[in-house]
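Here's the structure we're looking at; comments come further down.
The values are calculated or read from the model by the stated rules, or taken from the named source; none is laboratory data. Just so it is clear, the model here is predicted, and its values are computed rather than measured. Here Cβ is always computed from backbone atoms with ideal geometry, including for glycine, and neighbour counts include all displayed protein chains. The protein model used for the area step is the full one, side chains on, heavy atoms only, and it has no ligands, DNA or RNA in it. Shrake-Rupley method; radii C 1.70, N 1.55, O 1.52, S 1.80 Å.
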Amino acid sequence: MASATRPATVRERVADADRSVGRLLLVAAGALFWGWLVVSWVNRWLGGVLVPVGQPLVPAGAVEATLAALPGLAAYASDAAFVVELSPDLARGTWLTVVITAVSLVLGFFIAVPLAVARVYGRFSSWLSLGYTELLRGTPLLAQLFVLYYGLNLASYVPGALSGVFPRNVVWVAILGFTLNGAAYQAEYIRGALESVEEGQITAGRAIGLSKLETIYYVVLPQGLRYAIPSWTNEFVYLIKYSSLAAFITVPELYYRADQIASETFRYTLIFVVTGVTYLALVLTASKLMARVEGAVAIPGLGVEREE
Amino acid sequence: MSDGDFLGVTDVSKWYGDDQVLHDVSFEMDRGDVTVLIGPSGSGKSTMLRCVNRLAEAQEGSIRLDGEEVLSPDIDVDDLRREVGMVFQGFNLFAHLTARGNVALGPRRVLGLSESESRERAAAQLDRVGLADQMDSYPAELSGGQQQRVGIARALAMEPKLMLFDEPTSALDPELIGEVLEVMHGLVDEGMTMLVVTHEMSFAREVADEIVFLDEGHVVERGPPEQLFERPEKERTGRFLERIESHD
Ligand SMILES: Nc1ncnc2c1ncn2[C@@H]1O[C@H](COP(=O)(O)OP(=O)(O)OP(=O)(O)O)[C@@H](O)[C@H]1O
Ligand SMILES: [Mg+2]
């Protein structure tokens, strides 16, 4: 680009330096977090190839001894050892949180797109879509989960093919609940984005002989879905946090595990700070990821171009 | 004069709600004719054009295109549209596709050409409108004049037997109008049948076989350019032309 040949101003160089320090820290923290998670998961799947299943990746005693020897950090040594001690449980819970969120989000997307299309371009189906969306957005998510789990007792109807996948069938109930609920929210975001695609392009699509559905598929959706990414990212972030409601129908995800440990050890503050940081790391990962996706699929010449 | 062998518009009337926007509009075209529709804003020019490819539905009258009744409930509207190209005032390019992608979409998805055939056809059409070097640019990276030429190439790629132009240069900066008109002149020379709404009177004067003057949905007057421009029969035509020409 043109900027490659233009020397940077002093101000730009300072800003660049600041940005790269910040970015470096963030990348390091992210690598540490995901490294810990993935190694913990793999260790468990492979039956404890690195450390016995249930044991922290590094011995808590060693962490405590190291920190105790460092001036200034000694005061935190026992807290750190405690966190290391419970890290295998957190990693296990985080796995379910990640899986539930990711699967629900993807399944919800495939329901949300037809819902949004029906809402914008349908006649009768537009009312159906509206009804669905309002019902699911207008009632508490927790109540929806309770209806599925306690009311309809769906956990006992999980088909055989699915029932071995997770240790407990209730995970599927949670996924169903978040899928149905998330679809309604995703549909709202996507609807807004579809409506922002210029009418004239639809006319042009029809004018070359594309049917209405073909025009939606080849012209409207490729643009609308791109435009939906920023607001859709909100739903992603919400879902990461709302997935903690699964704890109330006994899904042993991150929040459930944290709550369990806290009620056994009474170290509520420390445990929920660590849990909060874990959710934050997931949320930051999601938003960074989506920002990248947005940049990667951006239409050249439209809106802000990607930096770098 | 045309005998309407190719396109025969007869007593077409169209209402939006209770508003009648076209009143018994009639005109004819032969193959290879260029007819220019002129008239003040809101007179129904765009609506008339859209009735021809059924983007708008006329309630009364007849439009015969190449022996077929366009307004018949039995015709396949998508088939009709693949034979009638349309160029829009606002270009209406598909924003997420390159110039080539815009032109190739119809051949690929409507005509069912293969990926490589449709890309080749797109390249040929873009070359025809002088954009061989901009094939991989996205609409937002092109000037208005270039965008409109892509719009023309997109319509041409369907190999239409009739081209509709709805004020193709009205949204363009004055210095970009020429390149679009040049492409249109080229089409005239190739013998394309064209129904054009425009305020470019010099273009109309040069290439039109017939000018149709619409006002408030009525055909006030029609005839060859030399007659309409030099010796308009109706006073309203004269007044309109004076107003337009003084703008040029
Ligand atoms: N979709 C629509 N719904 C209702 N009324 C419409 C619609 N489209 C056009 N009209 C009305 O029909 C009349 C004719 O409009 P049309 O767009 O055909 O005029 P025009 O001659 O093309 O004008 P312009 O030069 O401004 O493009 C106008 O009164 C307009 O308000
Ligand atoms: Mg118009």
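Output the number of residues of the range B:69-108 satisfying the condition of being more than 12 Å from chain A (Cβ to nearest Cβ) and touching a residue at least 12 places away in the same chain (Cβ under 8 Å).
Counting residues in the range B:69-108 that are more than 12 Å from chain A (Cβ to nearest Cβ) and touching a residue at least 12 places away in the same chain (Cβ under 8 Å) gives 3.
Can you tell me which residue is surrounded by the most Cβ atoms within 10 Å (Cβ to Cβ) among those in the range A:192-210 that are small (G, A, S) and more than 7 Å from chain B (Cβ to nearest Cβ)?
The selected residue is A:G205.
Listed here are the residues, each with its yes/no results for (1) small (G, A, S); (2) in a loop (DSSP other than H, G, I, E, B); (3) modelled with pLDDT under 95.
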site	(1), (2), (3)
B:F27	no, no, no
B:T35	no, no, no
B:S72	yes, yes, yes
B:N92	no, yes, no
B:R100	no, no, no
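Please find, among A:T250, A:T275, the residue that is open to solvent by less than 20 Å² (accessible area, probe 1.4 Å), hydroxyl-bearing (S, T, Y), away from chain B (no Cβ under 14 Å) and in contact (Cβ under 8 Å) with a residue 12 or more places away in the chain.
A:T275
Rundown of residues vs (1) within 16 Å of ligand 2 (Cβ to nearest atom); (2) open to solvent by 30 Å² or more (accessible area, probe 1.4 Å); (3) in contact with a Pro (Cβ under 7 Å, 6 or more places away or on another chain); (4) among the hydrophobic types (A, V, I, L, M, F, W, C), yes/no style:
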{"residue": "B:E60", "(1), (2), (3), (4)": "no, yes, no, no"}
{"residue": "B:V77", "(1), (2), (3), (4)": "no, yes, no, yes"}
{"residue": "B:M86", "(1), (2), (3), (4)": "yes, no, no, yes"}
{"residue": "B:A95", "(1), (2), (3), (4)": "no, no, yes, yes"}
{"residue": "B:V103", "(1), (2), (3), (4)": "no, no, no, yes"}
{"residue": "B:A132", "(1), (2), (3), (4)": "no, yes, no, yes"}
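Within the range A:157-213, which residues are among the polar types (S, T, N, Q) and assigned to a helix (DSSP H, G or I)?
Correct list: A:S163, A:T179, A:N181, A:Q186, A:Q201, A:T203.
Quickly run through the range B:53-67 and pick out the residues that are touching a residue at least 12 places away in the same chain (Cβ under 8 Å) and more than 14 Å from chain A (Cβ to nearest Cβ).
Answer for the range B:53-67, where residues must be touching a residue at least 12 places away in the same chain (Cβ under 8 Å) and more than 14 Å from chain A (Cβ to nearest Cβ): B:A58, B:Q59, B:E60, B:G61, B:S62, B:I63, B:R64, B:L65, B:D66.
For B:S46, state whether it is modelled with pLDDT under 95 and within 16 Å of ligand 2 (Cβ to nearest atom).
For B:S46, the condition - modelled with pLDDT under 95 and within 16 Å of ligand 2 (Cβ to nearest atom) - is not met.
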